[in-house]
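See structure below.
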Amino acid sequence: MSIGTKIVALLSPLVAGRVFPDRAPFGTARPYVTYQQIGGHVVIPLAKEVADVENGFIQVNVWCDRRTDADALANQVEAALITAEVFNAKPMAGQISTSDEELDRYGKQQDFSIWSAR
């Protein structure tokens, strides 16, 4: 199971299943979560074999109608990722606030380094 599939399964209960890779479909009800891989460490075994673990730097974004809701949801997402049993996730930096005036929404983003079995 891929890191993305594990993220969707883990975070879906927080936002009624509205977790999407890269971007949400236009008109998606808020709150929702998007995520994307922004890099990662490459695991290169000494022998000519495929590694049994993978790493991804994953940016997670939450989008809500109000700033306070985005703050609260971002904290829930952070806690869920850090305490997950299905992989090992560590924040790479603190949360960043954002907003989208055109779509009248508030967001938070945070980057995680996630190690997972392949």
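Points worth noting:
- Only Cα pairs under 8 Å and 6+ residues apart enter the sum, and on that basis the relative contact order of the chain stands at 26 percent.
- Percent accessible area from carbon and sulfur atoms, region 66-109, protein chains only, probe 1.4 Å: 46
- Restriction of the trypsin sites (Lys or Arg not before Pro) in region 1-58 to DSSP coil positions whose beta-carbon has at most 16 other beta-carbons within 10 angstrom yields Arg23, Lys48.
- From the alpha carbon centroid of region 86-118 to that of region 28-71 is 7 Å.
- Each of (1) 12.9; (2) 7.5; (3) 9.4 is a candidate for mean projected area of the Cα convex hull in nm²; the one calculated from this structure is (2).
- Using just its DSSP H runs of length 4 or more, each adding -39500 (n - 2.57), the chain gives a mean residue ellipticity at 222 nm of -6500 deg cm²/dmol after division by all residues.
- Hits among aspartates and glutamates - C-alpha to C-alpha of Lys108 under 19 Å, sequence gap 8 or more where chains match: Asp22, Asp65, Asp69, Asp71, Glu78, Asp100
- Peptides 58-71, 92-105, 31-44, ordered by how many other C-beta atoms sit within 10 Å of their residues on average, highest first, read 58-71, 31-44, 92-105.
- Globularity ratio of region 56-118, using Cα Rg and 2.2 N^0.38 Å: 1.19
- Electrostatic dipole magnitude of the chain [Cβ: Lys, Arg +1; Asp, Glu -1; Cα centre; debye, to 20]: 160
The values are calculated or read from the model by the stated rules, or taken from the named source; none is laboratory data. What you are looking at is a predicted structure, and each value in this text was computed from that prediction instead of being measured. Quick reminder, even Gly has a Cβ in these numbers, built from the backbone with ideal geometry, and neighbours come from all protein chains shown. Accessible surface areas use protein heavy atoms only, side chains included; no ligands, DNA or RNA. Shrake-Rupley method; radii C 1.70, N 1.55, O 1.52, S 1.80 Å.
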